[in-house]
Structures are given as structure tokens and as C-alpha cells.
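**Q** First the structure, which I've put down as C-alpha cells, then a few questions once you've had a look.
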Amino acid sequence: MHVNCVGAIIFDAAGRLLLIKRGRPPGEGLWSIPGGRLEAGETDADGVRREVMEETGLRVEVGRLAGTVDRPGLGGATYVIRDYLATVTAGVPVAGDDADDVRWCGPDELARLPLTAGLLESLADWGVLPR
């Protein structure tokens, strides 16, 4: 079974990436970009805006599709994740919903944090992060 999901790739003015610490499976305890499953009838852009608001309290403008990945999900499902670039339009990041923490991370921090599998490689492959 395929489950449609979206994610948000958000940078601040200093070039730091916004990450959330996942509070639930899959990837509980790992750091990743905000995102999750689409709800019935929801567009990708609506899903990105909702997930970012739920997990970080930020309002965003959704930009272009950066890339798509398939990841193993719960119960044998395959999560088809479409990650979009997004820009903060309002708010201050505060962890909410299924996020245990939220923070802006520079390249040095990204190398040290326990990240979800394949995140850095995908972002680099898509030309979003420097290699």
C-alpha cells in the first residue's frame, strides 16, 4: 500500500535548515524535516502548510518540488514522500503535535544529529544542500 506524504525544506536567512525531532514512529527520536501524511482530498501544498503549522507553529509559503523518495512505513506500507521548498511567512518555531523538538541547524549540526535515514543524501542529490 502506498501512502502519500509531504515534507517541507525550510531555510532561515542564515542558511540553516529547520528540523523537527520526531515524537512518534516511524523514526521516533530522529531528526527530520517537518512533514507527514496527506489527509483525504488535501493538495500537496495544503498538506505542507498544515504539517508545518502542526509541528512547528510556523506559517509557510510553499515553493517548488525539491524531490520525491519512497520510505518503508508502518504495517508494510510504502510512504511516497514529496518534499517541497518552503519559506516562513509568520511565526516562531515551537514543537507541537508529534514533534518533540524543533530547531534551526547549520551544516555542522546536521553532521552530528541522529537524522532519519537518507535525509542528507536526498537533500544533497536534489541540490538543496551542499555536499
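The values are calculated or read from the model by the stated rules, or taken from the named source; none is laboratory data. Computed from a prediction, not measured in an experiment: that's the story for all the values here. Virtual Cβ from ideal backbone geometry, glycine too; neighbours counted across all protein chains shown.
**Q** Quick check on my filter: what residues within segment 51-86 are assigned to a strand (DSSP E or B), among the hydrophobic types (A, V, I, L, M, F, W, C) and in contact (Cβ under 8 Å) with a residue 60 or more places away in the chain?
**A** Ala66, Val80, Ile81, Leu85, Ala86
**Q** As an exercise: evaluate Gly29 against (1) surrounded by 16 or more Cβ atoms within 10 Å (Cβ to Cβ); (2) of a type in the set (Gly, Ala, Ser); (3) closer than 17 Å to Gly118 by Cβ and give the number of the one condition it does not meet.
**A** (1)
**Q** Separate question: In segment 51-95, how many residues are over 16 Å from Ser32 (Cβ atoms), surrounded by fewer than 16 Cβ atoms within 10 Å (Cβ to Cβ) and out of contact with any Gly (no Cβ under 6 Å at 6 or more places or on another chain)?
**A** So the count comes out to 12.
**Q** Of all residues in segment 97-131 being surrounded by 14 or more Cβ atoms within 10 Å (Cβ to Cβ) and in contact with a helix residue (DSSP H, G or I) (Cβ under 6 Å, 6 or more places away or on another chain), which is modelled with the highest pLDDT?
**A** Per the stated criteria, the residue is Val102.
**Q** Identify, please: which residue in segment 33-49 is surrounded by fewer than 20 Cβ atoms within 10 Å (Cβ to Cβ) and in contact with a Leu (Cβ under 9 Å, 6 or more places away or on another chain) and is, among those, farthest from Leu119 (Cα to Cα)?
**A** Filtering first and then ranking leaves Asp46.
Residues are listed down the side, and each one gets a yes or a no for (1) farther than 14 Å from Thr87 by Cα; (2) at pLDDT below 95; (3) outside any strand (DSSP E or B):
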residue: Ile9; (1), (2), (3): no, no, no
residue: Ala13; (1), (2), (3): no, yes, yes
residue: Leu18; (1), (2), (3): no, no, no
residue: Glu28; (1), (2), (3): yes, yes, yes
residue: Glu42; (1), (2), (3): yes, no, yes
residue: Gly47; (1), (2), (3): yes, no, yes
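**Q** Is there a residue in segment 111-125 that is of a type in the set (S, T, N, Q), touching a strand residue (DSSP E or B) at 6+ places or on another chain (Cβ under 6 Å) and in a strand (DSSP E or B)?
**A** no
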